[in-house]
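The values are calculated or read from the model by the stated rules, or taken from the named source; none is laboratory data. Not measured: the values here are computed from a predicted model. Virtual Cβ from ideal backbone geometry, glycine too; neighbours counted across all protein chains shown. What goes into the accessible areas is simple: the full protein's heavy atoms, side chains included, and nothing from ligands, DNA or RNA. Shrake-Rupley method; radii C 1.70, N 1.55, O 1.52, S 1.80 Å.
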Amino acid sequence: MSKAKLIELALKDLQHGRNGTMDLADDVYKVPVEKYYDPERFAAEKEKIFRRLPLLLGASAELPEVGSYKALDAAGVQVLLTRNRNHEIKAFVNMCTHRGARLVDNGSGTAHKFTCPYHAWTFSPDGDLVAIYTADDFGDIDKSCYGLTELPVLERAGLIWGTLNPQSTLDIEQFLSGYDAMLDQFGFADWHHYKTQVLEGPNWKIAYDGYLDYYHLPILHGRSFGTDMHNQANFYSWGPHTHLGRPGTHMEEWEGKAEEDWPTDQLLMGVWTIFPHVSIASFDGGGRSVMISQLFPGETPETSRTNQIFLMEKLPETDEDKQAAEQQFDFLKFVVAEEDYATGLALQKNLPVGARDHILFGRNEAGGQRFHRWVDAIIAADDDALPGLFQEN
Ligand code: FES
Ligand SMILES: [Fe+2]
């Protein structure tokens, strides 16, 4: 079903490619500049978006086996992901229930119990408090009331979503709006984590705008990878999540063939963004890979942090492939840091000076338009109205 959908989209891209057209938005769209720097707006984004919506916390390949864990800082909340004895993913606030210490340092590894570095209280991968250090001296407490605080979590399509509010009742599957079935075509559940590299960037929306934008490819990336690229995109959305396809004619070679004869890896090319903070793009240096760019807002409106999580379909075995993979990932760090984020950091200095009261997203920049409309709609929605925004399509 989802492969059929991928073919349907490829045929649309082909039609546009033949006509020399692209999917255009109805009109040019204005974004008031203060939305990128106003501290109140920034606080509302953190509260209403990052603390209410499911976020992509990691990939299944980062926690491949029973006992795997990953600890990370997600928009100011310290999170611990574990894989328990039933091979299920659990998510917790990474906070000891004694006096609140961070239970596990950020990073990943394997552990069958977690002992707090402060006073050695010990927890299981299911979050249970299993031991209190010198318990006789401590005094009586009901251990069952002092397990780790659990967060809603869902593992789908080889990816892990979690909601940072422990009380959230928002259905993560509903939020995904059917997009997980599309992402499942990658088969990430069987892929491998190669490495993660971290980049500091500008305001998270300035950074994210770039991932929804092919318009800049032959210009800003004209001296790196974009030299021969055209700048058109087709935007396909599932709820707030958007895939960027490319008008083209190379699909002609599969036209009329049976579904199984269309190459799934080729159909998955292009960018897959996951609202509100992730983009997935495919590469082939040293073997088939994806870069999952996971963005989090920083401490101030002008800062963000991006984890570039690299997954590979097969880990490189030969020295030649390892070197090619390293070169590919070094190159991607360079391009994003020195071209995209350097541009964004300089851009954001212009916004508050009073020179212009808005910036523009053209009819050819429908991805950015949709993103900003979704951000506005989610901030405006109260908790009761929130689930109603997400419908499967
Ligand atoms: S804060 Fe963790 S054992 Fe005391
Ligand atoms: Fe870019």
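Couple of notes before you dig in:
- With K and R counted +1 and D and E -1, the other residues having a Cβ less than 14 Å from that of ALA71 yield a net charge of +1.
- Heavy-atom accessible surface of segment 291-333: percent carbon and sulfur, 1.4 Å: 46 percent
- Cα-based helix-to-principal-axis angle, 366-380 vs the chain, degrees rounded to 10: 40 degrees
- Charge dipole (the chain, unit charges on Cβ, about Cα centre) - positive-most of PHE42, LEU183, ILE309: PHE42
- For ASN234, the residues whose modelled amide H falls within less than 5 Å of its own, excluding neighbours fewer than 5 places apart on the same chain, are GLY245, ARG246.
- Axis angle, to the nearest 10 degrees, between helix 319-334 and the longest C-alpha principal axis of the chain: 80 degrees.
- Accessible surface, the chain, averaged per residue in Å² (probe 1.4 Å): 46 Å²
- Translational diffusion of segment 249-393 was estimated from the Stokes-Einstein equation, with Rh taken as the Kirkwood radius over Cα pairs; at 4 °C and 1.567 mPa s the coefficient is 69 µm²/s.
- Debye-sum result for the chain in log10 I(q)/I(0), which assumes one identical scatterer on each alpha carbon, at q = 0.10, 0.15 Å⁻¹: -0.70, -1.50
- Unit charges at the beta carbon, dipole of the chain: most positive-side option, LEU63, SER237, TYR194: SER237
- Normalising the average separation of contacting C-alpha pairs (under 8 angstrom, six or more residues apart) by the number of residues puts the relative contact order of the chain at 24 percent.
- Here the chain is treated with +1 on each Lys and Arg Cβ and -1 on each Asp and Glu Cβ, and its dipole about the Cα centre works out to around 600 debye.
- Residues of type lysines that LYS46 reaches as a straight line, Cα spacing below 25 Å, ignoring anything fewer than 8 places off in the same chain: LYS30, LYS35, LYS70, LYS90, LYS205, LYS349
- Neighbours of GLN369, meaning other residues whose beta-carbon lies under 15 angstrom from its beta-carbon, give a summed charge of -1 when Lys and Arg score +1 and Asp and Glu score -1.
- Using alpha-carbon coordinates, inclination of helix 2-19 to the longest axis of the chain, degrees: 30 degrees
- Projecting the Cα atoms of ALA74, THR149, THR122 onto the charge dipole of segment 61-169, computed from C-beta unit charges around the Cα centre, puts ALA74 farthest toward the positive end.
- Nearby lysines by direct alpha-carbon distance to LYS3 (threshold 29 angstrom, same-chain neighbours under 8 apart not counted): LYS12, LYS195, LYS257, LYS314
- Environment charge of PRO54, counting only residues whose C-beta is closer than 14 Å and scoring Lys/Arg +1, Asp/Glu -1: 0
- Longest segment of the chain lacking GluC sites (Glu not before Pro) that sit in a DSSP loop with at most 12 other Cβ atoms within 10 Å: 66-254
- When trypsin sites (Lys or Arg not before Pro) are flagged only if DSSP places them in a loop and at most 14 other Cβ atoms lie within 10 Å, the longest unflagged stretch of the chain comes out as 114-222.
- Within segment 143-270, the ratio Rg/Rh, alpha carbon atoms throughout and Rh by Kirkwood, equals 1.04.
- Rule-of-thumb Rg ratio for segment 61-169 [Cα; 2.2 N^0.38 Å; N residues]: 1.05
- Between segment 73-149 and segment 170-248, the alpha-carbon center distance in angstrom: 34 Å
- Segment 61-169: relative contact order as a whole-number percent, Cα under 8 Å and 6+ apart: 22 percent
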